[in-house]
Amino acid sequence: MDLGDGRESDNVEDRRDESYGGGGGGGGFGFGGGSIGIGGVIVALVASYFLGINPMTLLSMFAGGGGAPVQQQQQQRPAHAPANGDSGAKFVSQVLADTEDTWRDIFAKMGKQYVDPKLVLFRNRIPTACGTGQTAMGPFYCPGDQKVYIDLEFYDELKNRFHAPGEFAQAYVIAHEVGHHVQNLLGISAKVDRARQRASPAQSNALSVRLELQADCFAGVWGFNANRTRHIIQAGDIDAALNAATQIGDDTLQKGAGRTVNPDSFTHGSSAQRVEWFKRGITTGDINQCDTFKAASL
């Protein structure tokens, strides 16, 4: 992947030197008056470990809350930009800047204004408008504060645990989370959340799959348009992203955990589905090709 001397985003908050104590206490997570034990936590973390919706949303559903997680009110000090010479932070800053340039242009062509999200670098745990985020949750987007959260150690997991190395695979992570921000700005996420509240568990999972596959497609749309204007993709990059999509399909994760594949429990889509929708975005560059909610089959 060739980002060259591309600009770095001003929307990166570096909170890696901040420490936050545990909140809530006890052996489980409490949402909307309910609580959930460690088994449910593990299920939620596995289900949304990579490129997913905020895992705390899943936990709230498991706990019976049915809606958005309780917001955290812990005060944070003003954030600062990453230090010069931090290669990992520079990479995500450049990728975020590239998504900003791409989506501003796409929104302008739709007669809309794109609002940049923030990207927060953290370690271990972080208070968010969606609840307390933790490293084990993997990268996630919180619509409550319009921020993407990522612990850069996740990229080691991506390479070593999921066998998905490569800078473009790493960029795909960010682009997917920014895809959730796009869904939020377009009102798609709010509609899905309302539908989930009225749905059965299986129906709710099915809606989550369509939301996640659309974010995969949006990530592809970014890749197509960024490459067309800035020529960022090099040989092997697309294969690296497709490999990442394959490695974190729900069926692949369930098999890897020694479980029977159960499509009704999918929250992100199968490996084949994730590959298909990312490919649709990166081959067409057209946001209109990403309507997973009208697709007869995924």
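Enumerate the helices (runs of 4 or more DSSP H) found wholly within the range 121-198, keeping only those where 3 or more residues are over 19 Å from Asp216 (Cβ atoms). Even if it seems obvious, please write down each step before you answer.
Values: elements: 154-160, 167-185, 188-198.
Once the helices (runs of 4 or more DSSP H) in the range 121-198 are filtered for at least 3 residues that are over 19 Å from Asp216 (Cβ atoms), what remains is 154-160, 188-198.
For the range 114-125, the set of residues classified as of a type outside the set (Ser, Thr, Tyr) and under 22 Å from Gly281 (Cβ atoms) consists of Val115, Asp116, Pro117, Leu119, listed by residue number.
Among the numbered conditions (1) under 18 Å from the mean Cα position of the chain (by Cα); (2) at pLDDT 95 or above; (3) not in a helix (DSSP H, G or I), the only one that Phe293 does not meet is (1).
Scanning the range 224-255 for residues being of a type in the set (Val, Ile, Thr) and closer than 13 Å to Ala272 by Cβ gives a total of 3.
Out of all the residues in the range 259-286, which are outside any loop (DSSP other than H, G, I, E, B) and over 25 Å from Met110 (Cβ atoms)? If you could, list the steps in order and put the result at the bottom.
At the first step, the residues of the range 259-286 found to be outside any loop (DSSP other than H, G, I, E, B) are 263-265, 271-284.
Correct list: Pro263, Asp264, Ser265, Ser271, Ala272, Gln273, Arg274, Val275.
Answer with yes or no whether Arg198 is surrounded by fewer than 20 Cβ atoms within 10 Å (Cβ to Cβ) and within 19 Å of Arg104 (Cα to Cα). Let's see the steps before the verdict.
Details: surrounded by fewer than 20 Cβ atoms within 10 Å (Cβ to Cβ): yes; within 19 Å of Arg104 (Cα to Cα): no.
Criteria not met by Arg198.
Within the range 276-298, the set of residues being under 17 Å from Ala175 (Cα atoms) and among the hydroxyl-bearing types (Ser, Thr, Tyr) comprises Thr283, Thr284.
When we screen Asn225, Asn243 for residues that are more than 27 Å from Lys109 (Cβ to Cβ) and among the polar types (S, T, N, Q), the only hit is Asn243.
Within the range 259-298, can you find the residues that are of a type in the set (Ser, Thr, Tyr) and without any contact (Cβ under 8 Å) to a residue 40 or more places away in the chain? Across the range 259-298, the qualifying residues are Thr260, Ser270, Ser271, Ser297. For the range 145-190, a residue qualifies if it is touching a Pro at 6+ places or on another chain (Cβ under 6 Å) and without any contact (Cβ under 8 Å) to a residue 12 or more places away in the chain, and exactly one does: Lys159.
Residue-level check: of (1) modelled with pLDDT of 95 or more; (2) within 15 Å of Tyr149 (Cβ to Cβ), Lys109 misses just (2).
The values are calculated or read from the model by the stated rules, or taken from the named source; none is laboratory data. None of the values given here were measured: they were computed from a predicted structure. We place every Cβ from the backbone using ideal geometry, glycine too, and count neighbours over all the protein chains shown.
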